[in-house]
Structures are given as structure tokens and as C-alpha cells.
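Single-structure report; data block below.
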Amino acid sequence: MYDVCIVGSGAGAAPIAYELSNAGYKVLVLEKGEYYKEEDFSKDEIAVCRRDMFTPPLNEQKHIINEYKEDGTFTRYDGKKASWNFWNGSMVGGSSNLMSGYFHRMKPNDFKLLSTYGKIDGANIVDWVINYEDLEPYYDKVEKIIGVSGKVVKHKFQEPRSTPDFPYPPLRTNSVTKWFDKACFELEYETIPTPRAILSMDKEKRQSCYYSNFCGSYGCASGAKGSARASLLQNCNAKIITDAFVYKLVSKNGKVTKAKYYTKHGFAHMINAKVFVVAAQAIESSRLLLNSKSKQAPEGLANSSGEVGKNLIFSAGGVGSGRFEFENLTAEQQKELMEVGLFFNRSLQQWYEYKDGDKKIKGGTIDFLFEHQNIISRAMKEVYDEDGNLLWGDKLAKKIHQRLTTSRVLTFEVFNDWLPTDHCNVEVDENETDKYGVPVGVINLNSHPHDIKVGEYLASNAKKVLEKMGATEIYTSISTSPPSNLVAGGCRFGDDPRTSVLDKNCKTHDLENLYVTDASFMPTGGSVPYTWTIYANSFRVADVIKKKFLDEKLSL
């Protein structure tokens, strides 16, 4: 009998395992994927880009995706046939192994979107049941334990902090940041050094960054990136079982009693524990609860409200870029532009809130970064000539060489709120099953037009920076396409059991020993990447579970 059984091993799971096991409790982590360590990671572009090394084969585990239109109709996609899925990092540490590590805290107003900015027709906006002050000590804890590098610079929308600066100094940056800072100064924009969950100095067994520019989508070979595996699971006493796909939770008398799982060869196993924590990524967590039906829970486990799977959210926004070409630069600028590996690490939060006439609008964050170092994705952009004809042989080789050696692309990413709606949710399809015979997840996609409006406003301001810097080939793309690596909601927390799945401490209203600690709890996502908030909230819930065990011990 384990004290705690955790389903999943990513950013929502690992803080629970770390805190509880290091406090002396018997903790088990069940992870569907494999256990990769630093020595297993390389910069193999083919493995990552062409072979989906870290995600399940779609002929074995797929999603059904329904893409809704404004008129309420939808197009159904079989994930296997369409090569479309929302898997992202099936391994110990989950997708935190593959993140870029852009770490921004949510702002105080992110916790009270409804009361601060008001209702928006067609959006299921609510305030959080905790506030920024509740989470601030845990944001600080993440900085120290996970390791966040950066420099705090005062700006208009800087959130309150209990410490004056980050525990690790900023990472090294490319000299082009001087051009960026100058352009922003002339535009009267406040620039921020981007905080990163990447070590600028050695920490315990983890080495500092060696500046490969292969952060996003790749595992880190030095341990510098603050993945759940490198920073927490490799430094705790929890037992980890890999190749363990949890397909059902069994409950009795208001408690979960067992977790059932399959190995990849179809062998079934069962785990008993006092407390169960689900943190399998927002989509899979909802799927697991919906598939854990019983006579007592005919609509799925913890689903007396009917809210499991509802109000799924992603990160809204999009991308943009501009190219800097040698012919427009001095010899010194050319040298600065081609500095290898160093980060760009600049962000704008100038429009985290802005005015549209007299109305106050919630805006977002813009992160600037160099085009990814992956040679395949960079070369594939050059396979056509100016007339749209496919290039071959020497002409293609010449163009690729010229573009990659005499120019460089600076990109930006826009993050703003994806408003929750009725048609964005998770269900299961009883007629479509995975290789284990378990109903697959159905992902219903729908976005709110307000998301696009805000994203386009932010992108228009980012474009002005690139123009001021002298970039060419500037483009922006704000769309409703949901990013598979930035997903939340589905098990919304709240005070009312009729309208939420979890209480304020992420314990299910229906069962006294079941918690959900990935991004599922989030009713809204803020205008920043989610990972830091997921980590912080999981550390918060770990304290709640420790107190629960202590109180039970004292009551005996």
C-alpha cells in the first residue's frame, strides 16, 4: 500500500512526488512513457521532426478531433488519418523535457478576469478561487528548486515579488539584443529580459546551459533545463514505474481505492494507495476520469457536476518574424547577428492590459527569440523560388547556403487568453478505442473571436519593433490553431460542486482522496505560458496533502 499514487510525471505531478517522498511518505509515480535521461538526449533533427520520438504511434493511440465553426457545425478528423494529435512528451518528466522554458508569472488580474474586465458574450469566464498572493510563495519556490535565470526589471505590469531578483543570473544573450533595446527605447516600449527555466550556473547534479539553441522540442543533455525529471524526480525518493498506462481508477465509498494500468504489451496491473493524484496532462486527465465509470459514477469519476472535460483552454496568440540580411548591415553587425547559440531573451508586456476606447482589455505577452537551430525546418522554408517553383539540386543547395549564412530570422510568439467556451472540451468515443481497447479522447475545438482580436493587436505592436530594427520579410500569423503543448482546463476548480470538478485545493468535490494537479484545474490561463503556474500550484497542493497526512496522524 502506497501513501500516494501519482498518474503522470510532468510539471503537475513531480512537485507532489518530490515534496511527499522527501518528507518520508511512500510515493509511486505511474508513467506511460519511457525514462530518458541526459545521456539519452541528442540534437537528432530526424528523430524529433520526422519520427515523433517522444509521442505514441497514431496507429496505436489516436485522438478524434472535432473542429467547430462559428455557426455550430464542425468537421470531424480521425487523428490517425489526419496525422493530427495532442500528444506532447510521453516520457518521465512529460512535456517539460521539451519546453523552451519561457517562465513568466501570471499577474494578479489574471486571477480575477471576470471581476476586472467583465463578461464577454459566449465566454465562460470566472474568477479563480485563489489569488496571486496565495501562489506567490510557490512561484518563489519554483525559482529556487526548478531554477529560473533572469533579471527583474521594473515595468508597468510587473507583478509583486517577495524577493528582489531571480536566484540565477541571466543567461548569455546575442548582441542583437542591443538593436532590439534601442528600437524599443525609440518606440517608448519597456523591454524585459525573458526569465528562463534554464540554469546559467551549475546546480547540484545539473550542469549549466551550453548554448546549443536547441531548447524547444528537444531534451536537454546537460540538465540545465528545469524539466520535472531533471529538477525534481531525479532528486527525490519516489518510485517510478514506466510503461504504465493508467486506464481506470476504481472507487468505493467516496474514495479511490485502486489504479489499474496496462503495460505496452497489454499486461494488466493494479495499485493500491491512500491518496491518488491525477496529472496526466489536461486532455488525458479528463479522459481517464470519464473512462472510470461505475454504477456509483455512471457519467465518469468525479463528474457529478457534469463538468469533467468542459472548458478546455489553450494559449491563444500566434507568431511572427523578420529577417536581417547582410546587405543591410555593417561588418560588425553581421558578426553580431551570427553569434552562435546565444539566447535572444527579450519580452514585451507593455500591453498586458490596454484600452479599446473607454473599455479596459486584457492583453498579453510577446516573447522574442531567434529562429530554431533545427536545420531541417530552416532548409524546408527555402525549397521554392520566388515564382513558387520547386527547386532541386545545385540551385536549392545554393539558395539554402546563401540564406543560412548571410541572413538570420528573429521570431516572436504572442501569448494571450484563450477564452473558455461551450464547444471546447474533452469527451470520449465509445466506438473508437486505442490499442488497449480503451475509448479514445475526443477533443472538441472552438475559439472565441475575442482571442484573435487581442492577438492581432499584440502582433501589430511586435511588428513595429521588427520594422524599427530594419528587418525585411516581416510577417505575422494570429490564428485559432491550438498549440498542443499549451493546454489547460477540463477539471475546473471552484467553491461550488455544481459548477466545478475540484475544490480550491484541487481535491475532487466527489472523492475525499483524489486530486488533479496538472493544468486541468485552471479556469482561465492568463497571458503567459502555463508551466510555471502548474509547478507552483502543484507545490501548493503538495503542502495541502502533507497537512492532510499530518492531521490524520494526529487524530489517531
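The values are calculated or read from the model by the stated rules, or taken from the named source; none is laboratory data. In this text the structure is predicted, and so the values were computed from the model without any measurement. Side chains are part of the model used for accessible areas, which takes the heavy atoms of the whole protein and leaves out ligands, DNA and RNA. Shrake-Rupley method; radii C 1.70, N 1.55, O 1.52, S 1.80 Å.
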- Mind checking the angle between helix 176-187 and the chain's longest principal axis? C-alpha axes, 0 to 90 degrees, to the nearest 10. 90 degrees
- Message: Along its three principal axes, how long is segment 154-223 when you only count alpha carbons? Whole Å, largest extent first please.
- Response: 42, 32, 20
- Cα extents of segment 415-492 along the three principal axes, largest first (Å): 56, 26, 17
- How do Trp392, Trp418 rank by accessible surface area computed with a 1.4 Å probe, from largest to smallest? Trp392, Trp418
- Message: Using only DSSP helix segments of four residues or longer, with each worth -39500 (n - 2.57), what per-residue ellipticity at 222 nm results for the chain after dividing by its residue count and rounding to 500?
- Response: -7000 deg cm²/dmol
- Query: For segment 354-476, treating each Cα as an identical point scatterer without solvent, what Debye log10 I(q)/I(0) comes out at q = 0.19 1/Å?
  - Reply: -1.04
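Taking a cut-off of 21 Å, what percent of all Cα-Cα pairs in segment 29-152 are separated by more than that?
Here the tail beyond 21 Å accounts for 65 percent of pairs.
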- Expressed as a whole number of Å, what is the distance separating the alpha-carbon centroids of segment 153-180 and segment 60-121? 28 Å
- Give me the percent of Cα-Cα pairs in segment 60-111 that sit more than 16 Å apart, rounded to a whole number. 66 percent
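Which of the residue pairs Lys398/Lys464; Lys293/Lys435; Lys435/Lys507; Lys43/Lys398 have a Cα-Cα distance greater than 27 Å in the structure shown?
Details: Lys398/Lys464 32 Å; Lys293/Lys435 19 Å; Lys435/Lys507 31 Å; Lys43/Lys398 24 Å.
Beyond 27 Å: Lys398/Lys464; Lys435/Lys507.
As a test of understanding, state the convex hull volume per residue of segment 192-247 from its alpha carbons, in Å³. Could you put the intermediate results ahead of the total?
On the way: hull volume 7.7 nm³, N = 56.
About 137 Å³ per residue, rounded to a whole number.
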- Would you kindly give the portion of the calculated P(r) for segment 328-379 that falls above 14 Å, as a percent of all Cα pairs? 70 percent
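Compute and list, largest first, the equivalent-ellipsoid semi-axes of the chain from the alpha carbon gyration tensor, each √(5λ) rounded to a whole angstrom. Can you show the working numbers first?
Working: eigenvalues 288, 131, 123 Å².
So the equivalent ellipsoid measures 38, 26, 25 Å along its semi-axes.
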- Message: With a 1.4 Å probe and all protein chains kept in place, how much accessible area does Thr433 have, in Å² rounded to the nearest 10?
- Response: 70 Å²
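Segment 232-312: D in µm²/s via Stokes-Einstein (Kirkwood Rh, Cα pairs, 10 °C, 1.306 mPa s)? Please report the intermediate quantities before stating the final value.
Details: Rh = 13.9 Å.
Translational D for this selection: 115 µm²/s.
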- Cα-based equivalent ellipsoid, segment 260-351: semi-axes from gyration tensor eigenvalues, Å: 52, 20, 12
- Item | Sequence of Asp543, Asp495 from largest to smallest accessible area, 1.4 Å probe | Asp495, Asp543
- In straight Cα distance, which lysines are under 16 Å from Lys399, not counting same-chain residues fewer than 8 positions off? Lys381
- Message: Rg/Rh for segment 291-344 to two decimals, with Rh computed the Kirkwood way over all alpha-carbon pairs.
- Response: 1.57
- Task: Heavy atoms only, probe 1.4 angstrom, no DNA, RNA or ligands counted: give me Lys81, Lys151, Lys156 ranked by accessible area, highest first.
- Result: Lys81, Lys156, Lys151
- Query: In the structure displayed, which of Lys239/Lys274; Lys141/Lys205; Lys112/Lys255; Lys37/Lys62 lie more than 24 Å apart, Cα to Cα?
  - Reply: Lys112/Lys255; Lys37/Lys62
